[in-house]
Amino acid sequence: DCAHPGGAAAPPALALARRADLLVHEATLDDSLAALAEERGHSTPSDAARFASTARARALALWHFSPRYRCDEAFVDAFLPAARAAFAGDVVLAADFLRVAVARRGDDAAPRPPAPPETATP
């Protein structure tokens, strides 16, 4: 479990995730339950996406969903748009046995999303 309210993260977590080709991050509760997620030490899709953006990850896989959600259209509609609004890279909702293709480093087919303005580096 990994709480990053507002996408803020401890420097060691951010250093570990920096420039990841694929960041796998929990998103236990949807954004409407952000206060509960923070209280319980979990993240929302937006929290995970802001963290991925700050880390300049190439892609984001959300996982560790509360059992309150069914893998249905309402679940997808609650999680994917929230993450995509805060992260410019590819976003997937992970499931058991999901396989994700990760481009080789230096492959121009999968550019890194731009850094957010507040974390841009020269």
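The values are calculated or read from the model by the stated rules, or taken from the named source; none is laboratory data. Fair warning: this is a prediction, and the values are worked out from it, not measured in the lab. Note that we place each Cβ from the backbone using ideal geometry, even for glycine, and neighbour counts take in every protein chain shown. When the accessible area is computed, the model is the full protein with side chains, heavy atoms only, and any ligands, DNA or RNA have been set aside. Shrake-Rupley method; radii C 1.70, N 1.55, O 1.52, S 1.80 Å.
Which residue is modelled with the lowest pLDDT, if the candidates are limited to the stretch 1-37 and must be open to solvent by less than 20 Å² (accessible area, probe 1.4 Å) and part of a helix (DSSP H, G or I)?
Only one residue tops the list, namely Gly7.
List the pairs whose first member sits in the stretch 69-84 and is within 17 Å of Ala34 (Cβ to Cβ) and among the aromatic types (Phe, Trp, Tyr), whose second member is in a loop (DSSP other than H, G, I, E, B) and at pLDDT 90 or above, and whose Cβ atoms are under 7 Å apart, counting only residues at least 6 apart or on separate chains?
Pairs found: Phe79/Ala27.
Could you list, in sequence order, the residues of the stretch 62-77 that are buried (at least 18 other Cβ atoms within 10 Å of the Cβ) and more than 10 Å from the chain's Cα centre (by Cα)?
Across the stretch 62-77, the qualifying residue is only Phe65.
From the list Ala59, Ala85, which residue is surrounded by fewer than 16 Cβ atoms within 10 Å (Cβ to Cβ) and at pLDDT 85 or above?
Being surrounded by fewer than 16 Cβ atoms within 10 Å (Cβ to Cβ) and at pLDDT 85 or above holds for just one of Ala59, Ala85, which is Ala85.
Kindly indicate whether Ala49 is crowded, with 21+ Cβ neighbours inside 10 Å, in contact (Cβ under 8 Å) with a residue 12 or more places away in the chain, in a helix (DSSP H, G or I) and in contact with a Lys or Arg (Cβ under 8 Å, 6 or more places away or on another chain).
Against the criterion (crowded, with 21+ Cβ neighbours inside 10 Å, in contact (Cβ under 8 Å) with a residue 12 or more places away in the chain, in a helix (DSSP H, G or I) and in contact with a Lys or Arg (Cβ under 8 Å, 6 or more places away or on another chain)), Ala49 qualifies.
Name the residues in the stretch 76-104 that are in a helix (DSSP H, G or I), in contact with a Pro (Cβ under 7 Å, 6 or more places away or on another chain) and of a type in the set (A, V, I, L, M), would you?
Answer for the stretch 76-104, where residues must be in a helix (DSSP H, G or I), in contact with a Pro (Cβ under 7 Å, 6 or more places away or on another chain) and of a type in the set (A, V, I, L, M): Ala82, Ala83.
Name the pairs: first residue in the stretch 13-33 and closer than 22 Å to Arg105 by Cβ, second residue open to solvent by less than 50 Å² (accessible area, probe 1.4 Å) and among the polar types (S, T, N, Q), Cβ to Cβ under 7 Å, at least 6 apart or on different chains?
Leu14/Thr54; His25/Ser43
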